[in-house]
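Novice: After the structure tokens below, expect a handful of questions from me.
The values are calculated or read from the model by the stated rules, or taken from the named source; none is laboratory data. Predicted model only: the values in this text are computed from it and were never measured. When we count neighbours, we look across all protein chains shown, and the Cβ atoms used for this are built from the backbone with ideal geometry, even at glycine. We work out accessible area using only protein heavy atoms, side chains counted, and drop any ligands, DNA or RNA first. Shrake-Rupley method; radii C 1.70, N 1.55, O 1.52, S 1.80 Å.
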Amino acid sequence: MARGAADKSAVSGPGGVFPPDGPFGDYALGRAYDEMFAAGGEVRPHYASLAARIDAAPSGQLEALQAQVENTFMTQGVTFTVYGHEDATEKIIPTDILPRIVPAAEWDRLERGFKQRLEAINLFLGDIYGRQQLMRDGLVPRELILGSPNYMREMAGIEVPHGAYVNICGTDVIRNEAGDYVVLEDNLRVPSGVSYMLANREAVKRTFPDIYRSAKVRPVESYPDDLLHTLRSLASEYQPDPQVVVLTPGVYNSAYFEHAFLARLMGTPLVEGRDLMVHDNVVFVRTTSGLRRVDVIYRRVDDAFLDPLAFRPDSALGVPGLMNAYRAGNVVIANAPGAGVADDKAVYAYTPQIIKTLLDQDPILDIVETFLCREKSQCQHVLANLDKLVVKAVGESGGYGMLIGPHASKAEREAFADKIKADPDNYIAQPTISLSTAPTLVNGRVESRHVDLRPFILCGAKTTLTPGALTRVALRKGSLVVNSSQGGGSKDTWVLSGDGRGRP
Amino acid sequence: MMLSRVADSLFWVGRYCERAEHACRLLQITFSAGLEAGSQEAERAAVRAMTALGAPPLIGQSGSIEEAWRLTFSREDADSVYSSVARARENARQVRDQITTEMWERLNRLYFRLRETPGTSDTFAARADRVFQEVIGDLHAVKGIVEGTMSHGEGFRFLSLGRMLERAQLVVRVLEIHMAEPPGSVGEHGWMQCLRMLCGMEPFLRVKTADFRREVVTDFLVLDPEFPRSLRFCADEIDVFIQRVGVGLAAAERARCLRRSGLLKARLEFATLSDVTGRNGRQLLAEVAAAASDLNDAVRTTFFTISFQGAPGTAVA
């Protein structure tokens, strides 16, 4: 019944144009795949109840709900810190109340794909920090790995528990114009955003209780529990009751809220470097009842800052002697230092071969076609097609240091070409992909905005994928950049246990 | 298990909340004194309140409203109500994972209200009383929320310890100012205001009736075993909490804290009326002040700044 109503208002004629006075009057369907509407403007079945809800909302109601959620986030302190703003250091990440919906069949495929990918990546890391067979066989260039700033000699020959270098992985996937999910980036160091997945869910569940119930959305609230189990499994072979701590750079870090949030939900201490100390290669934490031994550190501090004795000597965030304790096998660090060498944007290009070679399987999820400027022929292709490609610096993240060819001016492209020629190893290029769009509330009106998807995969004694994700939204019209540091927002992501045609 | 850094922060949450509440109450006294314009006694009470805040006297001077506004909202002045609340919140933020959401939200809301509605000093006179009422009300609510939602474990005890230690020091300061004046100079009105500064009027009346002589009021504010802002009550509470923190440490490591606290408690428990009157009274206040500051130091070195000495579990005092 609800579905019929939505269809009627949403669709008008074969062109897929929505009536201008309806709720979708400002909704643009472009070249990109739209999550909610098929090309003709028909509502996809799993979005039917949301469409009906939007349709039935009295004027101003959605806007009021949106304001309510933002208010809740502010009082709860669901904030991230913006650097360089003296007066307002805490901001809420812009959140959109309209959920992004993923039907069960799509999720199944994603789940198998992510698990396969992480398994291969962990084997790959085990190889480059171990026998280095892949480099010997020429599958990946030796200089690409050993020359990477993220490669850590200190890790050579260390065995990590369960062979899992990456214990917490946040892989970014996007949907191309054909509607296929493709992997954009593996975040293997300290991926963040999982707290927004949980906070968004709490808020949106309350905003749309009726459709949330009827849609049979799979719950995400077990994530902290799964995370704790994963972390404990890293030391449980030799410690019956391992002490886990979350290591944060401190309250001024942009993701501090998340660190505290996870520590609280796991019931583990949230420590800073100054709370820990190493004695005789054993890590201790200072407590009001003296010093206590630490077995597993879930660190949210970058590799370079972990230990001033091993890495950056000016780091005040780390723990002197931590790497020695780690090498002595007295403490587990998750993710393992040096795991970042595998999420390098150039290594990314080799991941399909890595999966084929190490697992003897075809990759379930494709990657974006990637041109390596370090290869002469590919570099020429890139330089000749700068107006069609997105060029990224290998070592950068967060949307910095990139050129979006089609949106750049001629002068910008020329300047970037010079940079590529000067240091080709540092650049890769990919075709511009129009990320899929999803309905987003903009000034009280529903408009289409580009989105990506970041699920969180856990790997210890076993691999767990929470049925949910952070959907990031490019809030500026037409923008393809979803990073929160560049004006992106977030959405709740509903993974359905069926096809979404639940009874109303 | 409680991290030393966390205990330290909670201790200061307790301290700063108490400090903010106290400052509000003193400012309130000052403002109500202004209503009785021309009354010398009221003016002198206001001067005492301001002295207790460590600020220059306000009454009868141009710019006094600005001064009160500054003491409430100033972001630069470390002693302003805003600064105390901001520091309490900053400490709470550092240990967000250790406190309850209800507590955090209340404190956060108070912080944002002080931050976003300072207004200007021109309009302050008209709304000052309501501002103080609200802030005090919010801080009472924070206390109630702490009591009602936070587990009464180690963290709660450090927070309470900080609050009671701060309270003891604030009460000592108020009493010192009143007792420093020659006998008879404070007067009945002055002692009534002294009770109001410590939120003690009604409890006092119930025990001592409307007898506002110096020795009766000081006896009550120093030695009453049940009034929550008497020095004796503070010392009893401090001792309760100190005995129950860091119990995993060896007795020898906690000895300095326990001895200091026990001595203070006993001193106030067994004091007589003659100990609080005349010169003896000021002597006793000096002892309490010294004990409180030493205790603060002992707590810091015993629980907050631990280093490695020998086997794990050993703290250094």
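Novice: Looking for whichever is open to solvent by 40 Å² or more (accessible area, probe 1.4 Å), at pLDDT 85 or above and aliphatic (A, V, I, L, M) here; the options are A:L65, A:L123. Which one fits? I'd like the intermediate steps shown before the answer.
Specialist: Details: A:L65 fails: open to solvent by 40 Å² or more (accessible area, probe 1.4 Å).
None of the others qualify; the one that does is A:L123.
Novice: Since A:S148 meets every condition but one in (1) open to solvent by 40 Å² or more (accessible area, probe 1.4 Å); (2) under 28 Å from A:V332 (Cα atoms); (3) part of a loop (DSSP other than H, G, I, E, B), which condition does it not meet?
Specialist: (1)
Novice: For B:Q94, indicate whether it is of a type outside the set (S, T, Y) and either touching a strand residue (DSSP E or B) at 6+ places or on another chain (Cβ under 8 Å) or within 14 Å of chain A (Cβ to nearest Cβ) (or both).
Specialist: Details: of a type outside the set (S, T, Y): yes; either touching a strand residue (DSSP E or B) at 6+ places or on another chain (Cβ under 8 Å) or within 14 Å of chain A (Cβ to nearest Cβ) (or both): yes.
So B:Q94 fits the description; yes.
Novice: Can you confirm whether A:V204 is open to solvent by less than 10 Å² (accessible area, probe 1.4 Å), in a loop (DSSP other than H, G, I, E, B), farther than 19 Å from B:R5 by Cα and more than 14 Å from chain B (Cβ to nearest Cβ)? Don't jump to the end; show me each part of the working.
Specialist: Numbers: open to solvent by less than 10 Å² (accessible area, probe 1.4 Å): yes; in a loop (DSSP other than H, G, I, E, B): no; farther than 19 Å from B:R5 by Cα: yes; more than 14 Å from chain B (Cβ to nearest Cβ): yes.
In short, no.
Novice: Let me ask something additional. Which of the residues that make up segment A:268-293 are open to solvent by 10 Å² or more (accessible area, probe 1.4 Å) and at the interface with another protein chain (Cβ under 9 Å from one of its Cβ atoms)?
Specialist: Those that are open to solvent by 10 Å² or more (accessible area, probe 1.4 Å) and at the interface with another protein chain (Cβ under 9 Å from one of its Cβ atoms): A:T268, A:P269, A:E272, A:R274, A:M277, A:H279, A:V282, A:F284, A:R286, A:S289, A:R292, A:R293.
Novice: Scan segment A:298-310 residue by residue and report those that are out of contact with any helix residue (DSSP H, G or I) (no Cβ under 8 Å at 6 or more places or on another chain) and either small (G, A, S) or open to solvent by less than 20 Å² (accessible area, probe 1.4 Å) (or both).
Specialist: Within segment A:298-310, A:R299, A:A304 qualify.
Novice: Please note which strands (runs of 3 or more DSSP E) are completely contained in segment A:391-467 and include at least 2 residues that are touching a Lys or Arg at 6+ places or on another chain (Cβ under 6 Å) and closer than 23 Å to A:A28 by Cβ. Full working, then the answer.
Specialist: Details: elements: A:402-404, A:427-431, A:437-442, A:445-450, A:457-459, A:463-465.
Per the criteria, A:437-442.
Novice: Being assigned to a helix (DSSP H, G or I) and more than 14 Å from A:N200 (Cβ to Cβ) is the filter; apply it to segment A:69-89 and report the residue that is modelled with the lowest pLDDT.
Specialist: From segment A:69-89, those assigned to a helix (DSSP H, G or I) are A:69-76; that's our starting set.
If we keep only those that are more than 14 Å from A:N200 (Cβ to Cβ) too, we end up with A:71, A:74-75.
Values: A:N71: 84, A:M74: 76, A:T75: 73.
The residue in question is A:T75.
Novice: Return the pairs, sorted by first residue and then second, in which the second residue is surrounded by fewer than 18 Cβ atoms within 10 Å (Cβ to Cβ) and of a type in the set (A, V, I, L, M), the first residue lies in segment B:109-130 and is not assigned by TED's automatic domain parsing to the domain that holds B:F31, the beta carbons are less than 9 Å apart, and the residues are 6+ apart or on different chains.
Specialist: Short answer, once both residue conditions are applied: none.
Novice: Report the residue count in segment A:304-342 for those that are assigned to a loop (DSSP other than H, G, I, E, B) and of a type in the set (A, V, I, L, M).
Specialist: Filtering segment A:304-342 for residues assigned to a loop (DSSP other than H, G, I, E, B) gives A:306-321, A:328-331, A:335-338.
Right, trim to of a type in the set (A, V, I, L, M) and you get A:306, A:309-310, A:316-317, A:319, A:328, A:331, A:336.
Looking only at that region, the number is 9.
Novice: Moving to a separate point now. Can you pull out every residue in segment B:131-155 that is in contact (Cβ under 8 Å) with a residue 40 or more places away in the chain and surrounded by 15 or more Cβ atoms within 10 Å (Cβ to Cβ)?
Specialist: B:V131, B:F132, B:V135, B:I136, B:L139, B:V142, B:K143, B:I145, B:V146, B:M150, B:E154, B:G155
Novice: Here's a follow-up. Just give me the residues in segment A:290-303 being part of a loop (DSSP other than H, G, I, E, B) and under 18 Å from B:S4 (Cα atoms), in sequence order.
Specialist: Let us first name the residues in segment A:290-303 that are part of a loop (DSSP other than H, G, I, E, B), namely A:294-295, A:300-302.
A:V294, the sole residue that qualifies.
Novice: Taking B:V186 as meeting all but one of (1) over 15 Å from B:R48 (Cβ atoms); (2) modelled with pLDDT under 95; (3) open to solvent by less than 40 Å² (accessible area, probe 1.4 Å), write down the number of the exception.
Specialist: (1)
Novice: Give the number of residues within segment A:237-267 that are assigned to a loop (DSSP other than H, G, I, E, B) and either within 11 Å of chain B (Cβ to nearest Cβ) or touching a residue at least 40 places away in the same chain (Cβ under 8 Å) (or both).
Specialist: Of all residues in segment A:237-267, those assigned to a loop (DSSP other than H, G, I, E, B) come to A:237-243, A:248-255, A:267.
Then drop every residue that is not either within 11 Å of chain B (Cβ to nearest Cβ) or touching a residue at least 40 places away in the same chain (Cβ under 8 Å) (or both), which leaves A:237, A:239, A:242-243, A:248-255, A:267.
So the count comes out to 13.
Novice: A further question on this structure: For segment A:336-380, give me each residue that is touching a Cys at 6+ places or on another chain (Cβ under 6 Å) and under 30 Å from A:R299 (Cα atoms). Show your work before the answer.
Specialist: Applying the first criterion (touching a Cys at 6+ places or on another chain (Cβ under 6 Å)) to segment A:336-380 yields A:373, A:379.
Answer for segment A:336-380, where residues must be touching a Cys at 6+ places or on another chain (Cβ under 6 Å) and under 30 Å from A:R299 (Cα atoms): there is none.
Novice: Let me ask something else. Condition first: away from chain A (no Cβ under 14 Å) and open to solvent by 50 Å² or more (accessible area, probe 1.4 Å). Now tell me which residues in segment B:233-257 satisfy that.
Specialist: Taking segment B:233-257 and keeping what is away from chain A (no Cβ under 14 Å), we get B:233-240, B:255-256.
Matches in segment B:233-257: B:E237, B:V240, B:R256.
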